[in-house]
Amino acid sequence: MNTQQSQRVAFATLGCKLNYAESSTLSRQFEAAGYVVVPPTQVADVYVINTCSVTEHSDKKCRNIIRRLSKRNLDAIVAVTGCYAQLKAEEIAAIPGVDLVVGADQKGNLFARLADLSSQKVKGPGRVHACAIHEVTSIFPAYSTGERTRSFLKVQDGCNYRCSYCTIPLARGESRNIPIATAVEEAERIAASGVREIVLTGVNTGDFGRTTGESFLDLLKALNQVQGIERYRISSIEPNLLTEEILQWIASGTKFAPHFHVPLQSGSDAVLAAMRRRYNTTRFREKIALIRQYLDHVFIGIDVIVGFPGETQEHFEETYRLLEELQPSFLHVFPYSRRPGTDAALMSGQVDERIKEERVARLTALSDRLHEAFCQANEGREESVLFESTIKGGMMYGYTSNYIRVERPYDRTSIGKMIKVTL
């Protein structure tokens, strides 16, 4: 196979926005070599599957997609990368139709690896290019393209935390980051493409600077100076890393939106200790209060895991009561998933799946009420909305700085622009 114009490549991306940024960057590499990028629903000469492994369901979904795409064109080269590929490389390589499995250290070299494989003109069995995760020290710079309004900019990868339920350190390695100068260059490229909003992404975004000796706040200040970008969001940040200094600076009149995604995981101190989280409920309360002290009408999204081993009904009720008290804008609720290689997988007191489902349902209903109350509290306020190009039923959509979804009759001249609206 060669890289002529007729060659088509399709990307299937699962999981987090970090994966989407990486797939988008790989896609640009293929385009630069003459490939035509097509949707994964179409027949292609190359399929690249960027996988997730955050839950057992994620693994199963990845396997199904790999099998489905490999059957779409039996002559196509099938390459698999991402977290599942790092954790279970040999398992994936054994799936019929898979030609290439690329681990965390080689993700940025996927195109070169695939070109080497293509020159051999021989399909399968799956070649594996992956080292032990503790040997991964490089970082693959990436940002997403394809949307006219928003880009996800990867500034950090890996995690040094060792939460007892999490496979991310096993799949992505130690915390590391790109230099601030590189992040600024990437942001300038994004701005030159006409995009007006950047979302900073990473595995543990607030841990930025561990490998370069820089600070997360210095990164924010440098990006704030990039011309053409009108708004930034921080995708997710650990409560212990969202400092008062950062909040004070954001509130001083910057491009950073009053929008924070802060993981709680449990409202029970006993469960938090078993999870090995780096705070307790008292400190979490204090951090939420601090956010609201500096920023009015701030959107606060909170992650919660239900059904962690040993979580009793009273532990769950503690979580429920804390969330009612804190009144966040939205909840991201996940049932605990038992992951091989984690300490939590070996813990006693594994919770029945039906109980997990009941707890997820209760928190989802609470989230709906909290989000409705947040939106109602913003009625009558004037906000800037960045409208997106998607049109549904004659309507266009966009988000305020504090992440309220707004719809209006479609107007092509408003797309990609900050428009003042009264909510």
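Read the figures in this text as sums done on the coordinates, not as results from a lab. Just so it is clear, the structure is predicted and the values come from calculations on it, not from any experiment. Here the Cβ positions follow ideal geometry from the backbone for every residue, glycine too, while neighbour counts run over all protein chains shown.
A few remarks follow.
- As a length-normalised measure over Cα pairs under 8 Å and 6 or more apart, the relative contact order of the stretch 8-131 settles at 22 percent.
- Among Y165, Y47, a tally of other beta-carbon atoms within 10 Å of each Cβ gives an order, fewest to most, of Y165, Y47.
- Anisotropy class of the stretch 254-380 from Cα gyration tensor, a/c 1.5 cut: prolate
- With a simple spin-label model that places each label point 7 Å from the Cα along the Cα-to-Cβ direction, the separation between E407 and E185 comes to 4.3 nm.
- Per the chain, cysteines lacking a partner by the 4.7 Å Cβ criterion: C16, C52, C62, C83, C131, C159, C375
- Extreme residue, positive dipole direction of the chain, given options L290, L363, M395 (C-beta unit charges): M395
- Across the stretch 165-171, computed HN-Hα scalar couplings (Karplus, 6.51 cos²θ - 1.76 cosθ + 1.60, θ = phi - 60°) run 9, 9, 9, 4, x, 6, 9 Hz from first to last residue, x flagging Gly and Pro.
- For the chain, adding -39500 (n - 2.57) for each run of n ≥ 4 DSSP H residues and dividing by the number of residues yields -10500 deg cm²/dmol at 222 nm.
- Under 5 Å, built H, 5+ apart or other chain: amide partners of A142: K154
- FRET efficiency, E358 to I419 (Cβ-Cβ, R0 30 Å, nearest 0.05): 0.10
- When only Cα pairs below 8 angstrom with a gap of at least 6 residues are kept, the chain shows a relative contact order of 11 percent.
- Close amide-amide hydrogen proximity is noted between Q265 and D303, V304, I305, each under 5 Å apart and 5 or more residues distant or on a separate chain (H modeled in the peptide plane; Pro and chain starts excluded).
- Span-like helix ranges in the chain, DSSP H, alpha carbon extent 27 angstrom or more, Kyte mean at least -1.0: 353-377
- Cut-off under 5 Å, modelled amide H: who pairs with S164 long-range: R276
- Separation of the stretch 322-345 and the stretch 140-203, taken as the distance between their Cα centroids, equals 23 angstrom.
- Mean Cα-pair separation over length for the stretch 382-422, i.e. relative contact order, pairs under 8 Å, 6 or more apart, %: 49
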